[in-house]
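Here the structure is laid out as structure tokens; the discussion comes afterwards.
The values are calculated or read from the model by the stated rules, or taken from the named source; none is laboratory data. Note that this is a predicted model, so its numbers are computed, not measured. Positions of Cβ are backbone-derived with ideal geometry, glycine not excepted, and every protein chain shown enters the neighbour counts. All accessible areas refer to the heavy atoms of the entire protein, side chains included, with ligands and DNA or RNA removed. Shrake-Rupley method; radii C 1.70, N 1.55, O 1.52, S 1.80 Å.
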Amino acid sequence: MKRERNLQINAHGRLQHFLTIEGLPRELLIEILDRAEGFAGIGGRAVKKVPLLRGKTIVNLFFEPSTRTRTTFELAAKRLSADVLNLNIESSSAKKGETLLDTLRNLEAMHCDMFVVRHHLSGAAHFIARNVAPHISVINGGDGRHAHPTQAMLDAYTIRRHKRDFMRLKVAIVGDVLHSRVARSEIHALKTLGVPEVRVVGPRTLIPAGVEEMGVSVCHDIETGLKNVDVIVMLRLQTERMRGALLPSAAEYFRLYGLTPARLKLARSDAIVMHPGPINRGVEIDSQVADGGRSVILQQVSHGIAVRMAVMAMTAGSQAG
Amino acid sequence: MKRDGTDIEGLDIRKLLSAMAAKLHAFLESRGRQATEIIGVRTGGVWIAEVLRRRLKIRGPLGALNIAYHRDDFGRVGVHPTVEPSDLPFTVTDRHILLVDDILYTGRTVRAALNEIFDYGRPASVTLAALVDRGGRELPIQADVTGVSLSLKSGEHVKLQGPDPLRLSLLKNPDSPTA
């Protein structure tokens, strides 16, 4: 893990790449949250822009489809006055290493300053960060099952906005933890920020073996898992990543693990409901809950812009001096 | 009259602020800008602005600017340490604005503050007040009203400490002069 940390933090101790939460110190996560707070108001101004990254070129390098993540990264870059290039690369599975390096060299030749990378293979963002020219920053926009650090930080930001003190919280992460890079990054973020109790809740087939080593407790029964929690993070059932019969059916999954108004009552009365999106109504979450007063799902989207602005400003500024 | 830096630590800031308030009152009245909104530049400018707001009996809330994202030295120093974000709890468009900073030096902070204010709207006018004008301008920016003008030796810098009590101190060869 030391290697990853070194890769993300440069010789001046600044965040040069943002690839994974794992190994980053608490102070740095807090700095991201505090900076995001500073950027949050910009969306409400007449001119929704600050000139911080004027003249920088940021490439959204997406090897896997995405709407929310790509558009919020794009908006974040534009609100910092950067120029944005969106590349959606539908990659065939073979020859990827070679193609990827060729793509990188071409983008470097165009004098780009930052890559936001989404890839279906775990480790893709690390691979790119190791191979780019030293002046380029790489931000992981989700790699395989591995990590989605900006999503974890925007969730942490949303939690802090509603709950203030991480040190007293009980958080339940419910659903397909096995395939979820969001869950992995989220657990690292919440544990680093000092959340004392993180529960992962889901069927045995969708909870990775050994997850307890990350400092979480495992619950296969949703009623027990939701009891008295302050925050519920619902995960999307990632059918596109599933191979083999992990589940009987979507309807059966909803019956056993779907978040319904009745189940929400088991949590604390002021509990918030989060979901990284896109939501599958009637599969992991009931529409009444998704659209209800405790849902902060759309706030998460807005917060995503501020958090991504913070990460972009910090990584782009890491090479100053 | 310009003073040197030797005795600024003993300056009575309350007196300076009273004199500034009187000058500002006359200045704003002579230009028909009585109904102003007041904005301080974080952090020291906000302290000064709060005192001036009371003395000038400005009824509206105090605005505060964090110009970190409008600075011109991002390429050299990266993002500045986090301070509280900007907060302008009023409409800027068509309003007279009284912009307040603690120390006026190169003028780059004021340039950044003006740019940020215009991102909120188009004010009818902006009046600039600074507690200290320490010379050394690098941009064509002047305050309409100042508390005190200083002539400092090379390597000397002045810093406002506060908010209670407000006190000026003289720094010799600090690592990073501001304002």
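Taking the protein heavy atoms of region B:2-172 in the context of the full set of protein chains, the accessible area attributed to carbon and sulfur is 47 percent at 1.4 Å. The mean sequence separation of alpha-carbon pairs under 8 Å and at least six residues apart, normalised by the residue count of region A:149-298, gives a relative contact order of 23 percent.
Annotation: amide H of A:Ala82 within the under-5 Å range of A:Leu53, sequence separation 5 or more or interchain, hydrogens built in the peptide plane.
Per residue of B:87-95, other chain Cβ atoms within 10 Å of the residue Cβ number 1 on average. The region of chain A that goes longest without hitting one of the trypsin sites (Lys or Arg not before Pro) in a DSSP loop, each with at most 11 other Cβ atoms within 10 Å, is A:1-94.
Applying the criteria of a DSSP loop state and at most 15 other Cβ atoms within 10 Å to the trypsin sites (Lys or Arg not before Pro) of region B:13-107 yields B:Arg31, B:Lys57, B:Arg59.
Once A binds B, the 1.4 Å probe can no longer reach about 1600 Å² of accessible area, counting both sides.
Placing unit charges on the Cβ atoms only, positive for Lys and Arg and negative for Asp and Glu, gives region A:171-305 a dipole magnitude near 120 debye about its Cα centre. Take every Cα pair under 8 Å whose residues are at least 6 apart in sequence, average their separation, divide by the length of chain A, and the relative contact order is 21 percent. The string of couplings for region A:164-174 from the Karplus curve (6.51, -1.76, 1.60, θ = phi - 60°) is 6, 9, 5, 5, 10, 9, 10, 10, 10, 10, 10 Hz, one whole number per residue in order, with x for Gly and Pro. Using C-alpha pairs below 8 Å separated by at least 6 residues, the relative contact order for region A:222-292 is 48 percent. Among residues other than A:Ile136 with Cβ under 14 Å from its Cβ, the summed charge is +1 (Lys and Arg +1, Asp and Glu -1).
Remark on A:Met234: its backbone amide H falls under 5 Å from those of A:Val174, A:Met274, A:His275, a criterion applied only to residues 5 or more positions apart or on other chains, H modelled at 1.01 Å from N.
Could you run the Karplus curve 6.51 cos²θ - 1.76 cosθ + 1.60 with θ = phi - 60° over region B:33-40 and give me ³J(HN,Hα) per residue in whole Hz, x for Gly and Pro? Computed from phi, the couplings for region B:33-40 are 10, 4, 7, 10, 9, 10, 10, x Hz. Helices in chain A, meaning DSSP H runs of at least 4 residues, each add -39500 (n - 2.57). Divided by all residues, the mean residue ellipticity at 222 nm is -11500 deg cm²/dmol. Using a probe of 1.4 angstrom and keeping all protein chains present, the accessible surface of region B:2-98 works out to 51 square angstrom per residue.
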